[in-house]
Amino acid sequence: MELQLVSEGRRAGYAARRLAEFAERCRKGGLAVTPQRLAIIRALLASAEHPRADAIYAQVRKEHPHISLATVHRTLETLCEIGEARKVTMLHDSARYDGNVMPHHHVVCVKCRRIRDIEIPELERILDGRSELGEFTLLGSSLEIHAVCDRCNSRRVRGRGKRSRG
């Protein structure tokens, strides 16, 4: 089975394509293209961190100082409803958002909550062609893999070394 983290270059290329087509998709869906919506999708697509609404708000506020956090929340929810974004880790304490709506999965650090995109083509093939799973109508899937990232792992190893010296 091939597991591959999505590279920065691939993510950036995807984000550029999505942003270029965003206005047209909104118009087709009957959604007004406002400067605030453009700033929010731009901030979302620019981040590889799967940001919370407050992080997007802080970024967008630099360009639109009068925007409210409530507007950012509503816009993110609207973007999710029309398929332009999706919520990640919905069962955790606060929603994280992802501008990548192509099929992919997530690996989440259980220590720092950092999230990275991961592609698992074999998993997509398992569900390919299915519209139902028992009594459930299949809408999509996203696997969340719990792990410890390199940064947290190295902190843990360094922490052990300091304790053993004392």
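FYI, it's all coordinate maths here, none of it is from the lab. In this text the structure is predicted, and so the values were computed from the model without any measurement. Heads up, the Cβs are rebuilt from the backbone with ideal geometry, glycines too, and the neighbour counts pull from every protein chain shown.
The calculated FRET efficiency for the pair VAL110 and ARG52, based on their C-beta separation and a Förster distance of 22 Å, comes to about 0.80. Which is the longest stretch in the chain that no exposed loop site breaks, taking sites as GluC sites (Glu not before Pro) with a DSSP loop state and at most 14 other Cβ atoms within 10 Å? Longest site-free region, per DSSP loop and neighbour criteria: 64-134. For ARG96, the residues 5 or more places off, or on other chains, whose built amide H falls under 5 Å of its own are VAL88.
Counting only C-alpha contacts under 8 Å and six or more residues apart, can you give the relative contact order of the chain as a whole percent? Value for the chain: 22 percent.
The phi-based Karplus calculation (6.51 cos²θ - 1.76 cosθ + 1.60; θ = phi - 60°) puts the 3J(HN,Hα) values of the stretch 65-74 at x, 9, 6, 9, 4, 4, 5, 4, 4, 4 Hz, whole numbers, x for Gly and Pro. Taking 0.36 nm per residue of separation and subtracting the Cα-Cα distance, full extension of the segment from PHE136 to LYS62 would add 22.3 nm. Let me know the longest stretch in the chain that avoids all trypsin sites (Lys or Arg not before Pro) found in a DSSP loop with at most 12 other C-beta atoms within 10 Å. That gives 63-129 as the longest site-free run. Shape call for the chain from the C-alpha gyration tensor, a ≥ b ≥ c root eigenvalues: rounded (a/c under 1.5), prolate (a/b greater than b/c) or oblate? Taking the square roots of the gyration eigenvalues as a ≥ b ≥ c, the chain is oblate.
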